[in-house]
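*Asks:* First the structure, then my questions, so here it is.
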Amino acid sequence: MISVKILDEAGKPMLLRTKLGEGGEGSVWASPSDTSRAVKIYLNPIAQAKTEKLRAMAAMTDRALVAAAAWPLRVVYDARNIPVGFEMPKLTAQKPLHEIFGTKSRIKAFPHANWQMMLHAAVNLATAFERLHAGGIVVGDVNSNNVVISDDARVLFIDCDSFQIRSATRLFRCEVGVPEYQPPELQGVAFDSVDRQPSADAFGMAVMIFQLLFVGKHPFMGRGNSPPTIGENITQGNYFYDETAARSGLKPPRASLTLGAVTPVVAQLFGRAFRGQPTDRPTATEWRGALTELERSIIACSVVAAHRYRKGTSCPWCAIELQPPHIVYFAAPILISTTGVVDDSIWATFSDSEVERIWAEITKIAPPNTQFMSLEKNPMTPASIGKTARKRGFVFLGMMAGFVVAGIALWFIPKLQIFDLFDAIVLSTTWLFGRPSGGPELAGRRQRKANAQTTFDAAEAEWQKICDPTEYSRHRSRLQGLRTTLLEQKRSYDSELARVQQTGREKAQNNYLDSQFISHAKIKGIGKALSARLELAGIETALDVDDRVRMVSGIGEAKARALIDWRESITRSFRFEPTMIEGMLREVTLKFAQQRAQARAAYCSGPEALRQIVQRAESQAPPARAKAIVARAELDQAIADMRPFPPLIYR
């Protein structure tokens with residue numbers, strides 16, 4: 001058994017026997033002096049500046065820092081009294097934060113996770129940042145590889161020796177960073193040449209909070225005419241989720257949440273973080289308060305047990321699952337028993353006879369007893385017109401009559417017939433331009449008629465819409481479709497089980513490839529940063545590795561070839577066993593149980609929804625009809641009031 005002998009700060013020997021893990025910088029061992037602690041031993045000699053930084057960090061140790069991070073508690077030395085590492089709190093069952101981002105890795109690593117858990121993790125993340133910033137510490141290298149999360153959503157920063165801290169005598173900078181989490185002002189900057197500000201942390205913190213709330217989606221990655229890399233999008237301010245982005249033709253990836261899933265306050269904080277000036281970015285304290293308020297509003301979905309969403313909105317996860325590409329972000333643990341067996345009792349508890357009983361109830365609900373019909377016109381007595389307008393009309397009629405009589409008389413006198421043409425021209429001109437004006441009285445009646453026509457058209461349309469049986473028919477047809485689905489589901493389920501049994505080998509191999517995560521493998525040239533970039537591009541496992549890897553920023557031909565060779569080696573190592581398809585059969589059972597639960601919920605609520613449609617139509621139709629009758633009468637009166645002003649006489 002390999003062991004390592006070291007000394008603590010007092011010169012007391014410590015024998016490290018149990019290695020907990022190993023990374024690029026060094027190895028981590030269980031502390032022999034305290035089971036709640038671990039010891040990190042560097043592979044390479046520690047520079048003098050690094051030693052001073054670790055000692056300064058150990059001197060800063062307090063309860064708040066230990067609660068937020070795997071903080072260096074004390075420096076350890078080799079036999080020559082040369083610093084070789086440090087002691088820190090020991091991690092237990094925590095996993096890298098990015099494993100809860102990816103859909104596949106989340107379902108595997110956190111099978112009981114739901115949106116509420118991810119939201120609670122965001123609250124805890126903000127709290128951890130708050131504690132660090134209160135101590136004058138800037139994380140600097142904010143990224144999802146430097147944070148771990150436990151099954152109860154507690155988060156902890158790791159790799160703290162890269163943080164920016166200030167001792168009594170000097171500032172120790174953070175000399176590294178991942179572009180996907182750095183603000184615009186630090187894109188392309190040499191990190192070892194700048195003093196980090198809390199406002200830079202505020203940007204990276206907002207990105208990680210966004211990824212927790214939007215199930216792994218990066219706020220600066222989406223669809224539209226934009227640069228290929230996240231770093232370039234950050235530089236250009238291409239935040240894909242708000243109205244500004246929509247006006248620019250930028251859209252989130254398909255099957256994404258919208259800002260409507262969070263409170264307006266949280267949406268506003270994202271806007272300040274991603275579009276505001278550095279000084280405008282929300283602090284960790286602001287985030288903690290807003291996220292806690294959002295968490296209080298979370299409710300469970302009545303259709304899918306694993307879904308959680310904000311009260312006052314509809315379940316976005318149901319909508320996402322029902323639309324292509326039908327992504328299921330969260331499993332449904334309620335359908336799995338404590339022994340790990342899928343509960344398929346839904347077939348017995350909701351039998352075909354129960355489906356038919358509800359259908360019989362639905363068929364008894366008659367369409368709304370409403371009928372739309374065109375309203376007959378009402379005979380109305382026109383309102384009389386004023387004396388002045390009447391007098392002008394009589395004068396004009398007399399003048400026109402004179403022209404007509406003169407024209408007839410001239411026609412019977414052959415020598416004067418030539419003047420008939422002149423008389424006709426005068427008559428026409430007088431009618432076109434000499435008709436008396438109806439004045440304000442006629443203008444008012446015309447306006448009343450136009451207004452009455454508009455009011456009647458709207459009232460008639462409203463009445464017709466209420467009486468339209470389309471909503472009833474559409475809902476009843478949907479229920480009929482659900483009935484067919486429910487009656488045929490068991491047969492489809494049995495057929496799918498048989499198909500999986502026949503094609504199990506291929507599926508088993510794909511499942512095996514899908515269980516081999518890039519982030520857990522040792523692939524030449526692929527470190528944590530590139531692994532995180534691949535994950536953002538949807539490439540998490542060996543199954544995902546194909547020619548797409550060549551399009552990921554930072555993956556050249558050599559690294560792409562290494563990834564493809566790794567996938568091929570994983571494929572060759574696969575060995576089929578009949579027991580392998582047990583998990584696939586379980587997945588089929590779970591899928592159909594979820595589908596039946598969704599269909600059952602919609603179907604069982606169908607009769608009440610149909611009755612509400614009928615009741616709403618029957619209660620709204622009478623007043624709508626009465627309103628249309630009144631509007632018809634007002635229109636008919638306005639039309640009648642126009643009769644005393646015939647257009648042949650008045651203009």
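*Asks:* With the structure loaded, tell me whether Gln598 is surrounded by 15 or more Cβ atoms within 10 Å (Cβ to Cβ), in contact with a Cys (Cβ under 9 Å, 6 or more places away or on another chain) and under 22 Å from Thr485 (Cα atoms) or whether it fails that test. Step through it out loud before you land on a result.
*Replies:* Numbers: surrounded by 15 or more Cβ atoms within 10 Å (Cβ to Cβ): yes; in contact with a Cys (Cβ under 9 Å, 6 or more places away or on another chain): yes; under 22 Å from Thr485 (Cα atoms): yes.
Yes, satisfied.
*Asks:* Scanning for something among the β-branched types (Val, Ile, Thr) and under 23 Å from Met205 (Cα atoms), does the stretch 243-260 turn up at least one residue?
*Replies:* Within the stretch 243-260, the first condition is being among the β-branched types (Val, Ile, Thr), and the residues that meet it are 244, 258.
Next, from what is left, pick out any that are under 23 Å from Met205 (Cα atoms): 244, 258.
Yes, the stretch 243-260 contains a residue that is among the β-branched types (Val, Ile, Thr) and under 23 Å from Met205 (Cα atoms).
*Asks:* Give the stretch 260-283 a look and list any residue that's assigned to a helix (DSSP H, G or I) and closer than 22 Å to Gln187 by Cα, or say none.
*Replies:* Leu269, Phe270, Gly271, Arg272, Ala273, Phe274, Arg275, Pro278, Thr279, Asp280
*Asks:* Does at least one position in the stretch 206-222 carry a residue that is outside any loop (DSSP other than H, G, I, E, B) and within 28 Å of Ile41 (Cα to Cα)?
*Replies:* no
*Asks:* If you don't mind, another one. If you scan the stretch 1-25, which residues turn out to be surrounded by 11 or more Cβ atoms within 10 Å (Cβ to Cβ), in contact (Cβ under 8 Å) with a residue 12 or more places away in the chain and either touching a Gly at 6+ places or on another chain (Cβ under 9 Å) or not in a strand (DSSP E or B) (or both)?
*Replies:* Residues satisfying the conditions are Ser3, Ile6, Asp8, Glu9, Arg17, Thr18, Glu25.
*Asks:* If you don't mind, there's one more thing I want to ask. Inside the stretch 481-515, can you point out the residues that are farther than 30 Å from Ala109 by Cβ, hydrophobic (A, V, I, L, M, F, W, C) and either modelled with pLDDT under 85 or not in a helix (DSSP H, G or I) (or both)? Walk me through how you get there before you give the answer.
*Replies:* Looking only at the stretch 481-515, we keep the residues that are farther than 30 Å from Ala109 by Cβ, and these are 481-492, 494-495, 498, 502.
Pick out the ones that are also hydrophobic (A, V, I, L, M, F, W, C) and you get 482, 486-487, 498.
Listed by number, the list holds a single entry, Ala498.
*Asks:* Counting just the residues of the stretch 418-473 that are at pLDDT 85 or above and basic (Lys, Arg), which one comes out nearest to the chain's Cα centre (by Cα)?
*Replies:* Per the criteria, the residue is Lys465.
*Asks:* Look through Ala134, Ala128, Ala69 and report the one residue that is closer than 21 Å to Thr283 by Cα and surrounded by fewer than 16 Cβ atoms within 10 Å (Cβ to Cβ).
*Replies:* Ala134 is the lone residue from the list that is closer than 21 Å to Thr283 by Cα and surrounded by fewer than 16 Cβ atoms within 10 Å (Cβ to Cβ).
*Asks:* Turning to a different aspect of this structure: Leu65 - would you say it is over 26 Å from Thr169 (Cβ atoms) and touching a helix residue (DSSP H, G or I) at 6+ places or on another chain (Cβ under 8 Å)? I'd like the intermediate steps shown before the answer.
*Replies:* Numbers: over 26 Å from Thr169 (Cβ atoms): no; touching a helix residue (DSSP H, G or I) at 6+ places or on another chain (Cβ under 8 Å): yes.
Taking the combined requirement at face value, the residue does not satisfy it.
*Asks:* Would you call Ala49 outside any strand (DSSP E or B), more than 26 Å from Val155 (Cβ to Cβ) and free of Cβ contacts under 8 Å to residues at least 40 places away in the same chain?
*Replies:* no
*Asks:* Could you tell me which of the residues Val39, Val75, Val84 is over 22 Å from Leu125 (Cβ atoms), assigned to a strand (DSSP E or B), in the same structural domain as Met14 (by TED's automatic domain parsing) and touching a helix residue (DSSP H, G or I) at 6+ places or on another chain (Cβ under 6 Å)? Show your work before the answer.
*Replies:* Details: Val39 fails: touching a helix residue (DSSP H, G or I) at 6+ places or on another chain (Cβ under 6 Å); Val84 fails: touching a helix residue (DSSP H, G or I) at 6+ places or on another chain (Cβ under 6 Å).
So the residue among Val39, Val75, Val84 that is over 22 Å from Leu125 (Cβ atoms), assigned to a strand (DSSP E or B), in the same structural domain as Met14 (by TED's automatic domain parsing) and touching a helix residue (DSSP H, G or I) at 6+ places or on another chain (Cβ under 6 Å) is Val75.
The values are calculated or read from the model by the stated rules, or taken from the named source; none is laboratory data. These numbers come from a predicted model, not from an experiment. All Cβ positions, glycine included, derive from the backbone under ideal geometry; neighbour counts span all protein chains shown.
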